[in-house]
Amino acid sequence: MFAFATQDSIIKLLSERYSVIEILMIRLAIVLTLLLAVALVWQGPGILRTRRPRLMFARGVLAFFAFTTYYIALSAIPLAEAAVVYMTAPLFVTLLSALILRERVGLHRWSAVVIGFGAVVYMLDPGSSLFRIEAAMPLFSALCYALIPIINRHIGLSEHALTMGIYTTASYFVLMGLTSLVITSLPAPATGNATLQGVFQDWVTLQAADWWLLLLAGAIFTLALLGITQAYRIAVVSTVAPFEYSYILSASLIGYVMFEDVPGPRTMIGGAIIIASGCYIILRERERRGQAAVAAGDSVD
């Protein structure tokens, strides 16, 4: 999660000088190249075979919406603020597990979900003069990201972490390429919105130092992606998920050092409530699975 926060700060820094779409396209090309190189050297061509191509493509589609909207928002709002809203993903996982997988969610976890989303509303303060749509974009990003673990439950251990990373990144790259073609073929909208203008900003040649920064970002993201994919692949969600909240701390520290961003009171209070709600859900899920395992053992006995 520290690696993700570091990479995100580099993308935010570069988006101040270049089109965020251009930065993401180049970053994706770097990541895909690195993943293919590592996979072919380490595992050989067989690593490219997949038993679940449709689910792999679905992960890529979700990654496209999750990360693209997040980085567009990141170009306009502080890193810590985006991180706090994005960390509603575990709340969405619980919600989607009940709606899609028909898993039983008790009163305690439903209460935590409601309190967590209430904290988001408090933090964003919709309806006030200070509210910006960019601040709510990480919420949509979190929803898309939360669907990925749902798909992972269907994939299980049948696919290697490298295979999952390659197909997800390749799908994302193709979708981003199509998006780039559409954006470049359209006239820039006549609007004073700086975020939208940044999306339609003309592509320019990167300076040499910025190329090195983008290569560093690609390498860091590759390591982070493989790490978190492998973690969720081999360990239960309730063990891994609490560590994701360290992203908020990393993003806040890096945001302060690099951009001198200081989280406001609403961000800190809302973030604390979201973290508490998410961790409570994870602990309740772990307790529920433990009780289920004990009950299954007793029935066998």
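The values are calculated or read from the model by the stated rules, or taken from the named source; none is laboratory data. All figures in this text were calculated on a predicted structure; none of them were measured in a lab. Cβ: placed from backbone, ideal geometry, glycine included. Neighbour counts: every protein chain shown.
What the table shows:
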{"quantity": "Residues satisfying the stated conditions in the stretch 228-273, i.e. polar (S, T, N, Q) and farther than 11 Å from E81 by Cα", "calculated": "T229, Q230, S238, T239, S246, S250"}
{"quantity": "Given (1) buried (at least 21 other Cβ atoms within 10 Å of the Cβ); (2) of a type in the set (G, A, S); (3) at pLDDT 90 or above, index of the condition A37 fails", "calculated": "(1)"}
{"quantity": "Checking E22 against (1) closer than 27 Å to A161 by Cβ; (2) charged (D, E, K, R); (3) in a helix (DSSP H, G or I), the condition it does not meet", "calculated": "(1)"}
{"quantity": "Members of the stretch 205-243 found to be over 28 Å from A37 (Cα atoms) and in contact (Cβ under 8 Å) with a residue 60 or more places away in the chain, listed by number", "calculated": "V237, A241, F243"}
{"quantity": "Some residue of the stretch 86-106 being touching a His at 6+ places or on another chain (Cβ under 9 Å) and aliphatic (A, V, I, L, M)", "calculated": "no"}
{"quantity": "Looking only at the stretch 33-56, and only at residues there that are of a type outside the set (D, E, K, R) and either under 17 Å from the mean Cα position of the chain (by Cα) or not in a helix (DSSP H, G or I) (or both), the one that is nearest to I151 (Cα to Cα)", "calculated": "M56"}
{"quantity": "Residues (farther than 21 Å from L74 by Cβ, of a type in the set (S, T, Y) and in a helix (DSSP H, G or I)) located in the stretch 96-148", "calculated": "S97, S111, Y122"}
{"quantity": "Tally, over the stretch 208-221, of residues that are exposed (fewer than 14 other Cβ atoms within 10 Å of the Cβ) and either among the charged types (D, E, K, R) or within 18 Å of S9 (Cα to Cα) (or both)", "calculated": "3"}
{"quantity": "Considering residues of the stretch 134-155 that are modelled with pLDDT of 80 or more, over 14 Å from V120 (Cβ atoms) and among the aliphatic types (A, V, I, L, M) only, the residue surrounded by the fewest Cβ atoms within 10 Å (Cβ to Cβ)", "calculated": "I151"}
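Quick grid of which residues meet (1) under 13 Å from the mean Cα position of the chain (by Cα); (2) under 24 Å from M164 (Cβ atoms):
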residue: G60; (1), (2): yes, yes
residue: A63; (1), (2): yes, yes
residue: F67; (1), (2): yes, yes
residue: S75; (1), (2): no, no
residue: L96; (1), (2): no, yes
residue: E103; (1), (2): no, yes
residue: V113; (1), (2): no, no
residue: A119; (1), (2): no, no
residue: D125; (1), (2): no, no
